[in-house]
There are 2 protein chains.
Amino acid sequence: MTAVVDTSRSPRARLRPVPIRSVRLQDGFWEPRRQLNRTVSLREQHRMLEETGRFRNLRVAAGLERGANSGKIFNDSDVHKWMEAACWQLATDEDPLLVERVDAIVELLEQVQEPDGYLFSPFVRGLRGRRWSDGEAHELYCAGHLFQAAVAHHRVLGSERALDIARRFADLVCATFGEGRGKLDRPDGHPEVEMALVELYRETGEARYLDQAEFQIQARGYKRLGEPYAGWISADYNQDHRPVHERDRPEGHAVRDLYLMSGVADRLLEAADPELEAGALRIWESMARGQVYVTGGVGVRDVSEAFGRDYELPNETAYAETCAAVALVMWNWRLLQLTGDARYADLIETGLYNGVLSGVSLDGRAYFYANPLACDGGLKRRPWYLVACCPPNIARALASLPGYLFGSGDGVWIHQYASGEARVGEVELAVSTAYPWEGEVQVEVRSGGRFPLRLRVPGWAEGARLSVNGADASVPVEPGSYAVVERDWRAGDLVQLSLPMRVRRLASHPGLLENASRVALVRGPLVYCVEQADVGGADPRFIVLPDGAPVEPVRSDLLGGLTVLEADARLAVPDAGWDGRLYREAGAVEPEGHQPLRLTAIPYFGWANRDAGRMQVWLRSSSG
Amino acid sequence: MTAVVDTSRSPRARLRPVPIRSVRLQDGFWEPRRQLNRTVSLREQHRMLEETGRFRNLRVAAGLERGANSGKIFNDSDVHKWMEAACWQLATDEDPLLVERVDAIVELLEQVQEPDGYLFSPFVRGLRGRRWSDGEAHELYCAGHLFQAAVAHHRVLGSERALDIARRFADLVCATFGEGRGKLDRPDGHPEVEMALVELYRETGEARYLDQAEFQIQARGYKRLGEPYAGWISADYNQDHRPVHERDRPEGHAVRDLYLMSGVADRLLEAADPELEAGALRIWESMARGQVYVTGGVGVRDVSEAFGRDYELPNETAYAETCAAVALVMWNWRLLQLTGDARYADLIETGLYNGVLSGVSLDGRAYFYANPLACDGGLKRRPWYLVACCPPNIARALASLPGYLFGSGDGVWIHQYASGEARVGEVELAVSTAYPWEGEVQVEVRSGGRFPLRLRVPGWAEGARLSVNGADASVPVEPGSYAVVERDWRAGDLVQLSLPMRVRRLASHPGLLENASRVALVRGPLVYCVEQADVGGADPRFIVLPDGAPVEPVRSDLLGGLTVLEADARLAVPDAGWDGRLYREAGAVEPEGHQPLRLTAIPYFGWANRDAGRMQVWLRSSSG
């Protein structure tokens, strides 16, 4: 089945997945983006993989071309991720060119793979001796991406070829790493292989892949506790400082930690481990309480790409890597399968509409690596990066998006709202909505029978209402939970969920001192920001939004069609009385004067799609 | 002469230095710290140099011991900096043990030095081929520190031995680097040698050393423009992205940039270069306007140890390396010699009393590398570091401190106030004050004659008064300038400067959004902070200091004797209504309740000298 994560036989999954192929998106928000992903992003990325030598590295490794391996040591992973993305896209779309290119990659990988199963282009031939010698070489990280690509390939195209490659390599990994005599007892420096091994287990039924995932998880923190790392890298950077079950917060390189957490959740879906589960949930709670941007961005520190302390959420220097937002969605998706708890689906929603989507330009041709919440105009999306993890990551997130909307198991679950048709288990549904621009969601049940229909009421949707065939559903409609309607359904029954789309001003916890006396404007799942282009060139840092000022949604043609927010605000004259000083006595001079300003805010995902200019999410409010 | 920077013959110096030996500190603030530096810090550091293999590296390089070079590649520099510190300390103190240890180092360095003058322990013998092959190897950085140590040794002890070592090495550097055929035309990755070469020129009269400094400065930015660096290191990291005269802001690794700026200032003291000078002053202005903490700390970013954007001054993650504060003092000292402008002396004062002094514990045994302005209790000073630049840097700053107080040239300049006696040019003076605790400064002129006496009126000292023999001096006493009294002095004349020591609440420029609605308490040159230990265990992040609340200085025995600040404040109950959420609707619930709290603030330099606890410099104020 074409499930993104196939928990259909996982003993501990509360939810069963709905195959991508069972969902036909017909909405005006996501599906155009998925098609852009297919027709522009995946094609341009393929060109970059060739131009930047990623394919050449594989051809050299296969002996098809002469030369040396070049670029970053983990460059193979970009090819694997691109292949995975293309496969998910092919679950819903006919695209012979993509099929041809995927086939060519599989053929190339077959030629690169060594007789014992090893497949990592930097360490073939003369450099064979370097195999497994360096935990930071990303061998297992690349292996994990290869496994995920092979699983997607098998699920979508039904071919065994890529899966066979993955099995051969995974068998070598199992023979190489573990507790036994002569085996390497250290985990990889960059988690990723854990979740990939669990998926490979699900796809093949080979228990040793699950055992190897278990080893990779359990080996963390035991083997190198307290051992110093090179330079500025400390043991918590790659989660090697403490075993997961002893931890109580997200730590280190964010993508590494979130991939690890995804693997942990996958592992927990297969078998109980109360200690490990308690650790994973502590880490999630701690992250949600003090380390997530309002956009769903995570990993606050640049350079080290790491999580910070509680409430360390700087706006302008926010790292919030696109890959970390994608990884956050992956992790929360697995926790949602495990628990059916709406808070995970809420965070997926926040991430998808904001922190993930800001990672790609509206034309599908350029990407952000970092996604800050304030910018002086110096950032611009780029078509590619020397470290190019983000472009194919966002491509696979968009390609697989239909797989994240519904759930099966104990009835029908609707996690995210977008127009389209779906088959969930035995049930046919049609969803009709202008979400995220409007809050009305209509679900037509097209199959009869008794089952609970579960609709997520987002945590922000205070005052949501639910009706069935025009009459109040008379069930609890609590924000942050699934409203459940269980009845004898008849084909043609209409369920209407009304989510109030009032503009909300969010404040930050007082521990987040940088955001004191500031608000973020949010409507539905969308976080808004102010760009210099929309406020007559004013510096958004000095805009003051008075507490009582009405903020109105206005449908606009801006940037291809957006609902913008408008309000009467004020602009402070920032330098009055400062004379170039950085500090002065408080109250020594009159506060800076203000002039009136008509404020227009756009959805955060749309920022930086015009000429360079300042941007700000958190606006000054008039309350102290 | 025992000048820290000998500008006594520099053509463009407005000020002439006063030798350390001409100043006899007798105050209760600095001199006890200098003695602790001599009796504890320098001795403990010497022990660490031995225990951590720094001396062993030199013995191995000299062939006196077998083994391999170990530790960081720049570890020689710690030995050189320790030697420099010890020499400055010996300018005022008898200390046979220090003399013996300095002699031993000089003898060892003689044995390490190769016949052609090269002296860098990692690249001797078998590794000779690596000489000068890597700009990041810190060879010239270490050379610079060696030259500075040798200059201090010559000035203080009068011996030629270390100076001869330096000359031989400097001659090799001159023969190796430059524009000529067969020479290396790239500068070193870590600036430092520039200022050292200028000082070596001053000490020896060899013009080629000045020329080499000029080359090292001018080579910056030309040779590797646009060239990418390894990993996260970009060309601006080590100031190789643009020539100094084209720059307009501080950039990259802060210590590197400030050492470079010190070298540029030294170079400008020797010969005019209007373009270079304009660039240097632009960089200074930009830094002062947007990149200096209120403590005088600089270099805001951790990991990259770099300057940030304008107004990027995060409190809790502040890097503000101790070495950068020392380097800031060094740079501003040179600019002060060049211009006589009080703003440089003001910044030296801020740095010394706050950002530099916080780098060492009150017992002289432990050091901070980073000096943040807020802390969750997780930071502790350590006796040593793997990268140990800070301990000997603070030791040389304290040892040489008497050299930073006075100036000669066009009269007598008093830059910093501390009790003691000095001979400035032909003039004998005695200063008597309880500064920084009290603002009364009495200067007794002990020599007759006509000359201008210049006393710095700190930029913060609004309302300062000046009298001569009890009568108003009738001269301008403007904050941020030198008050000048020129008269026919008679021995015994008494000049009294009264600096108002009212507690000031500082606000930050509105561009520094993190500090909106917050104040820092400052009294005289001292920045204050609140530690959990002094507020009954309350979290200082949630203390609110009402705008009108009086803040009183109180003399206390705390931490060996400090003037603390006390006020009636409030403590917000931070989590009321948040239920573990990070964001919520503004105004959705009542603001958190407050309870009364008696606030005690201590000088920032004294923080983290007790059990671990939270610390905060910028406090919430009641104004929005």
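FYI, it's all coordinate maths here, none of it is from the lab. Keep in mind it's a predicted model, so treat the numbers as computed, not measured. Because the Cβ atoms are built from the backbone with ideal geometry, glycine has one as well, and the counts that use them run over all protein chains shown.
Subtract the Cα-Cα distance of residue B:272 and residue B:478 from 0.36 nm times their separation in residues, and report this length gain in nm to one decimal.
Here the segment from residue B:272 to residue B:478 would lengthen by 71.2 nm.
For an R0 of 45 angstrom, estimate the FRET efficiency from the Cβ-Cβ distance between residue A:35 and residue A:179 and round to the nearest 0.05.
Efficiency at R0 = 45 Å is approximately 0.40.
How long is the gain from residue B:450 to residue B:133 if the chain were fully straight, where each residue apart is worth 0.36 nm and the alpha carbon distance is subtracted?
Between residue B:450 and residue B:133, full extension yields 108.3 nm more.
Given Cα positions, please report Rg to Rh for chain B, the hydrodynamic radius being the Kirkwood one.
Over the Cα atoms of chain B, Rg/Rh equals 0.97.
To the nearest 500 deg cm²/dmol, what mean residue ellipticity at 222 nm is calculated for chain B from DSSP H runs of n ≥ 4 alone, each contributing -39,500 (n - 2.57), summed and divided by the residues?
Taken over chain B, the calculation gives -9500 deg cm²/dmol.
Using Cα centres only, tell me the gap between region B:434-513 and region A:453-527 in whole Å.
Each part's Cα centre sits 66 Å from the other's.
From the label point of residue A:430, set 7 Å from Cα along Cα→Cβ, how far away are the matching label points in the other copies, in nm, ordered shortest to longest?
So the label point of residue A:430 gives 10.2 nm to the other copies.
Shortest first, in nm, what separates the label point of residue B:28 from those of the same position in the other copies (7 Å along Cα→Cβ)?
Between copies, matching label points for residue B:28 lie 7.7 nm apart.
Can you tell me the alpha carbon radius of gyration of region B:503-621 divided by the globular rule-of-thumb value 2.2 N^0.38 Å?
Rg over 2.2 N^0.38 Å, computed on Cα atoms: 1.11.
To check my understanding: the extent here is largest minus smallest coordinate of the Cα atoms along each principal axis. What are those three numbers for region B:408-498, in Å, largest first?
31, 25, 25
Compute the helix-to-body angle for B:274-290: its Cα long axis versus the longest principal axis of chain B, expressed 0 to 90° and rounded to tens.
For B:274-290 against chain B, the angle is about 30 degrees.
Taking 60 Å as R0, compute the FRET efficiency from the Cβ-Cβ separation of residue A:465 and residue A:47 and round it to 0.05.
Calculated transfer efficiency: 0.75.
Pairs of lysines 8 or more apart, or on different chains, with alpha carbons under 28 Å: count those in the protein assembly as shown, would you?
Lysine pair count for the protein assembly as shown: 17.
With a point put 7 Å past each Cα toward its Cβ, work out how far residue A:68 is from residue B:26 in nm, to one decimal.
About 6.9 nm, to one decimal.
Put a label point 7 Å from Cα along the Cβ direction on residue A:573, then list its distances to the equivalent points in the other copies in nm, shortest first.
4.4
What FRET efficiency do you get for residue A:576 and residue B:622 if R0 is 22 Å and r is their Cβ-Cβ distance, rounded to the nearest 0.05?
Step by step, r from the Cβ atoms, then E = 0.50.
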